[in-house]
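One structure is given below, encoded as structure tokens.
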């Protein structure tokens, strides 16, 4: 009886030990499984993050490449525009220089014409005795031997009279030897005079206005070419 009880107690102890060992083993297996799951998930998540980071880096690289290409294209375009603008400026500069060279002779010709005494001729009033009115910006004073202050003298024997005739001859082209003087007198101020003259044969008839230039003599201002009188 006593031996049977001991045998039963031993079996219970062995069964209890196996049960405890199984519990511990199951716990260990559970822990290992949990660790496997955690590590696996970290690996998976880490892999996804790496892939995302790699994809993002690739996208940024591609975007940077596109931007660089765009910037390079824009720079090339700006460079081409700058070169074209520079070429146009050079061409325009050359054209302006050519135009300036063309205009210079015209200006020089105008100055030469003025110096040469190109007259400005206008037609007179048909109802008047004036055929043409002649004004010339190139007319100069004829010079004088008189001193200042000048006072106009209408005495035929005076130096002033002789210089007036000289100025009228210069303005009309009539020589003093072929000139008939009909009148010389004051023209409204002390230093302005006028005269009526004609050629000896009376085919050329003029009214001439002259003005005194200080220290330089009488200068023609205006010539009226008169109509030839009818016979």
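Each value in this text was obtained by applying a stated rule to the coordinates, not by laboratory testing. Owing to the predicted nature of the structure, the values given are computational and were not obtained by experimental measurement. For neighbour counting, all protein chains shown are included, and Cβ atoms are generated from backbone atoms with ideal geometry for every residue, glycine included.
Worth a mention:
- Globularity index of the range 119-226, i.e. its alpha-carbon radius of gyration over 2.2 N^0.38 Å: 1.03
- Computed E for residue 132/residue 159 - FRET, C-beta separation, R0 41 angstrom, nearest 0.05: 0.85
- Packing-based order for 169-181, 212-224, using average beta carbon neighbours within 10 Å, highest first: 212-224, 169-181
- Relative contact order for the range 117-231, counting Cα pairs under 8 Å that sit 6 or more residues apart, in percent: 29 percent
- Relative to one another, the C-alpha centroids of the range 176-205 and the range 143-157 are positioned 17 Å apart.
- FRET efficiency, 1/(1 + (r/R0)^6) with R0 41 Å, evaluated for residue 14 and residue 41 via beta carbons: 0.50
- Computed FRET value (nearest 0.05) for residue 186 with residue 145, which takes r as the C-beta separation and R₀ as 25 Å: 0.70
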